[in-house]
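S.K.: The following block contains the structure, expressed as structure tokens.
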Amino acid sequence: QVHLVESGGGLVQAGDSLRLSCVASGQPFFRYTVGWFRQAPGKEREFVSAVSWSGGSTYYGDSVKGRFTISRDNTKNTVFLQMNSLKPEDTAVYFCAARVALINYTDSHLYDYWGQGTQVTVSS
């Protein structure tokens, strides 16, 4: 079992930045691919970003590419999502999730463990 807790969300203005954190406990965290997903009211869950177990490979959804950066510190069991140049359309609940495999990292149904989510609201 892996327990994930997100933090760092909040209310910001368009153009501002936020840094989300996902802290893991339980099984050795370095074994896991970690993804960030978001869900806005009335919309499906959307892939945001993913990072391989080593941090050596990172992936981004088209809507956040060039603005968001994912990283991880396995010594602290933490994955970060640095979000810059935020837009109102980035408003959503952001979730981190973990799984062992990396393949099909955009598919939320393949992730085994999920955090409770953190709200990000971007005002115009």
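The values are calculated or read from the model by the stated rules, or taken from the named source; none is laboratory data. Values in this document were obtained by computation on a predicted structure and should not be read as measured data. As a convention, Cβ positions derive from the backbone with ideal geometry for all residues, glycine included, and neighbour counts pool all protein chains shown. In case anyone asks, the SASA skips ligands and DNA or RNA and just uses the protein heavy atoms, side chains included. Shrake-Rupley method; radii C 1.70, N 1.55, O 1.52, S 1.80 Å.
S.K.: Can you give the translational diffusion coefficient of the range 17-59 in µm²/s, computed by Stokes-Einstein from the Kirkwood radius over Cα pairs at 37 °C and 0.692 mPa s? List each step's numbers first, then the result.
M.R.: Working: Rh = 12.1 Å.
In µm²/s, the coefficient is 272.
S.K.: Modelled label-to-label distance, Gln27 and Thr106, 7 Å Cα→beta-carbon offset: nm?
M.R.: Using points 7 Å along Cα→Cβ, the separation is 2.6 nm.
S.K.: Got a sec to turn the phi values of the range 40-55 into Karplus ³J(HN,Hα) couplings, 6.51 cos²θ - 1.76 cosθ + 1.60 with θ = phi - 60°, whole Hz, x for Gly and Pro?
M.R.: Per-residue couplings from phi come out as 9, x, x, 10, 6, 5, 10, 5, 10, 6, 8, 9, 6, 4, 8, x Hz.
S.K.: So what's the Cα pair-distance distribution over the chain, bin width 10 Å, in %?
M.R.: 15, 51, 30, 5, 0
S.K.: Just the number please: accessible area per residue for the chain, 1.4 Å probe, all protein chains included, in Å². Mind showing how you got there, number by number?
M.R.: Numbers: 6240 Å² over 124 residues.
The answer is 50 Å² per residue.
S.K.: In sequence order, what are the phi-derived ³J(HN,Hα) couplings for the range 26-38 according to the Karplus relation 6.51 cos²θ - 1.76 cosθ + 1.60 with θ = phi - 60°, rounded to whole Hz, with x for glycine and proline?
M.R.: Values per residue, Gly and Pro as x: x, 5, x, 5, 5, 6, 10, 6, 10, x, 10, 10, 9 Hz.
S.K.: Let me ask you something else. Give the Debye-formula value of log10 I(q)/I(0) at each listed q (0.15, 0.22 Å⁻¹), with one equal scatterer per alpha carbon of the range 70-124, two decimals each.
M.R.: Those come out to -0.56, -1.05, one per q.
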